[in-house]
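S.K.: Quick one: structure below, then a few questions.
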Amino acid sequence: MSLEAVQPMQEQDSLSFSPARVWVIATNTMTEVIRQKVLYVFILFGLALCGASSFFTQFSFNEELKSIIDTCLAAIKLLTALIAVVGTAMLLPSEIENRTIYTILTKPVYRIEFLLGKVAGMSLLLFFVTIVMSVLFGAVLLLDEKALVSHALQGTSLLQASDPVKQTINAIYAQTRNPNLIKAIFLLYAQAVLLVSMTMMVSTFATSSLFSIIIMLVIYMCAPLATIANEVWKSQPSILGRVGLMFISFCIPDLSSMTLVDDVVAGKHVLMSYVLSTTGYAALYTLVVFALGAFIFQEKEL
Amino acid sequence: MYAVETKDLTKHFRIGLKRKVIALDHLNLKINEGEVYGLLGPNGSGKSTTLKLILGLHQPTEGEATVFGRSSETVVSRLHVGLLPENPYFYRYLNGEETLRFYGKLCRVTGPALERKIDEILELVGLSQSRHRRLAGYSKGMLQRIGLGQAMIHDPKLLLLDEPTAGVDPEGSIDIRNLIIKLKKMGKTVILCSHLLSQVQDVCDRISILRYGKKVLEGNVKELLSKKDQFQFIASGLSEQDKRAVEELISRSGKLESTSHPTSTLEDLYMESVGGTKII
Ligand SMILES: Nc1ncnc2c1ncn2[C@@H]1O[C@H](COP(=O)(O)OP(=O)(O)OP(=O)(O)O)[C@@H](O)[C@H]1O
Ligand SMILES: [Mg+2]
């Protein structure tokens, strides 16, 4: 048995930022969360919720579809936010407790690569969770659509159907094949990524995962405040009031702009420009919060 | 250039608002390339803290450490370093092979070279049979072995081993000792923290003993342990008669096998230097 050199040793004077290392850490983070199996409990819960919603038959097709959309979107919103906050809050403390962080950071790995890998892994995982839930949501909707349409037709074919029946069927399609649903889910995902980044930032200085979760809970509950602050700071007469409100809207992300569940259920149309500007806001907020977290982590004593 | 050099390396830990612990106090070390260097000392004397400072896991309160001439605070200084931390735990959800693959990829070892290296290292640390088992089910000694494996995955020039034999069975202990000797033959530098004095005595070229974060003794193991002012004769085939007057007669009637300085054990030396130290 010999210990031969893997590659000729080169004297390097610098080490550049490496996306490959970030990717290694990201995939490892996904493996971690997936193999911990907590995720399955969450997903099963979501599946059950979506599945169950299709059994609530309502008085009218309109009510029925609304309740399904409402339940499913709410499930996606809750689950992604929960996984984002709870999952991310556990990452750093468990690394520190298990001392795995020592072995990683004593390899030629930048701290920012480590943190980015963690955030990217979690975001990627949430992407899959969102896709899985959306596919299920779509399946529930399509099944229900089929049932409702055949009920409306009552044995006749679509070509022979009377105008009122055609109108009903079109109304059903308007609900189930609504592009606003996809926009809403997309923004929920953007919110989840923002929450991941923010939780990671908090956990760089938090003393435990519980601490991070509680802080994030407070931020989550105060989010409506940010929406109000965002709207009224310009009309504040005093400078102090303005600065105070600006501070609030800076510290607390405007999450309600990303959760359009109620609007979509109420049948409001979501403009593409709105989606773009909100995504831009979310991306910028995510980036700033990440940068802050990376800065704190850089100085952290391990 | 030294493999590791520390200049007045000092580390204070704040505990609470006012109190602080002086974990390391103006430590100066110069460790040559290719040397096996032992760090000894009672519990809490600052051995692990020294290693962490050398690897940039802690920032020094004062002074500095360099690795192959590069400041410990830079990431490039870690290119050729492997650490086995004390009581290592790894990702419980990975198996032995996946663990090594993960660390290998982090060090940009990839492809067939990585797979070859993984096989080689699993063989070397004696875990070939358990390569597909999750680390959650590994025993303490097995974790220690996989820890040693991940420290060597990128073939570093410098290895820092914090109590590598803690929890390892006697045979494994001997394997690790032999491995260290092999590493030395390959020209690697090894810094070893250990409480197993006989092992340190066997493998280390030089040692230093720490106490309350200060270096109280440093030197070449052989020189430290030999008693210069005394002589020792090993004689055989001495007649009964001559035995009585042995001091004068050895060279006349017996055959002089060897003369040397008697050596004390490292244990004696250690107890002399730091015996009775209270843990603070
Ligand atoms: N993160 C920390 N916070 C506060 N004090 C610390 C920290 N790490 C180490 N210390 C203190 O620094 C001193 C040196 O600790 P260190 O772990 O270096 O000892 P050691 O020589 O490795 O001991 P052992 O033989 O038990 O492993 C101890 O008094 C310890 O309590
Ligand atoms: Mg120690």
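The values are calculated or read from the model by the stated rules, or taken from the named source; none is laboratory data. Nothing here was measured: the structure is a model prediction, and the numbers come from that model. Cβ atoms come from the backbone with ideal geometry, glycine included; neighbour counts cover every protein chain shown. Just the protein is used for accessible areas: all its heavy atoms, side chains included, with ligands, DNA and RNA removed. Shrake-Rupley method; radii C 1.70, N 1.55, O 1.52, S 1.80 Å.
S.K.: Kindly indicate whether any position in segment B:130-142 is touching a Leu at 6+ places or on another chain (Cβ under 9 Å), at the interface with chain A (Cβ under 8 Å from one of its Cβ atoms) and in a helix (DSSP H, G or I).
M.R.: no
Residue-by-condition table, conditions (1) of a type in the set (D, E); (2) at pLDDT below 90; (3) loosely packed, with under 14 Cβ neighbours inside 10 Å:
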| position | (1), (2), (3) |
| --- | --- |
| A:G155 | no, yes, yes |
| A:V165 | no, yes, no |
| A:L181 | no, no, no |
| A:A184 | no, no, no |
| A:A190 | no, no, no |
| A:V196 | no, no, no |
| A:A206 | no, no, no |
| A:F211 | no, no, no |
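S.K.: All but one of (1) under 22 Å from A:R99 (Cβ atoms); (2) in contact with a His (Cβ under 8 Å, 6 or more places away or on another chain); (3) open to solvent by 60 Å² or more (accessible area, probe 1.4 Å) hold for B:T49; which doesn't?
M.R.: The failed condition is (3).
S.K.: Restrict the check to segment B:70-84 and report whether at least one residue is more than 14 Å from chain A (Cβ to nearest Cβ), more than 16 Å from ligand 1 (Cβ to nearest atom) and not aromatic (F, W, Y).
M.R.: no
S.K.: Could you tell me how many of the residues in segment B:143-155 are in a helix (DSSP H, G or I) and either over 18 Å from B:A113 (Cα atoms) or open to solvent by 20 Å² or more (accessible area, probe 1.4 Å) (or both)?
M.R.: 6
S.K.: State all residues of segment A:33-53 that are of a type outside the set (A, V, I, L, M) and without any contact (Cβ under 8 Å) to a residue 12 or more places away in the chain; if no residue qualifies, say none.
M.R.: Those that are of a type outside the set (A, V, I, L, M) and without any contact (Cβ under 8 Å) to a residue 12 or more places away in the chain: A:R35, A:Q36, A:K37, A:Y40.
S.K.: Okay, moving on. For segment A:52-71, does any single residue satisfy the condition of being farther than 30 Å from A:A174 by Cβ, modelled with pLDDT of 80 or more, surrounded by 21 or more Cβ atoms within 10 Å (Cβ to Cβ) and more than 9 Å from chain B (Cβ to nearest Cβ)?
M.R.: Among the residues of segment A:52-71, not one is farther than 30 Å from A:A174 by Cβ, modelled with pLDDT of 80 or more, surrounded by 21 or more Cβ atoms within 10 Å (Cβ to Cβ) and more than 9 Å from chain B (Cβ to nearest Cβ), which makes the answer no.
S.K.: Restricting attention to segment A:244-302, report how many residues are part of a helix (DSSP H, G or I) and among the acidic types (D, E).
M.R.: Of the residues in segment A:244-302, 3 are part of a helix (DSSP H, G or I) and among the acidic types (D, E).
Per-residue answers, yes or no, for (1) within 16 Å of ligand 2 (Cβ to nearest atom); (2) of a type in the set (F, W, Y); (3) within 14 Å of chain A (Cβ to nearest Cβ):
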{"site": "B:R177", "(1), (2), (3)": "no, no, no"}
{"site": "B:K188", "(1), (2), (3)": "no, no, yes"}
{"site": "B:L197", "(1), (2), (3)": "yes, no, no"}
{"site": "B:C204", "(1), (2), (3)": "no, no, no"}
{"site": "B:S208", "(1), (2), (3)": "yes, no, no"}
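S.K.: Ok, one more. Just to be sure before I move on: is B:L106 at pLDDT 90 or above and either more than 9 Å from chain A (Cβ to nearest Cβ) or surrounded by fewer than 23 Cβ atoms within 10 Å (Cβ to Cβ) (or both) in the structure I sent?
M.R.: When the stated conditions are applied, B:L106 does not pass them.
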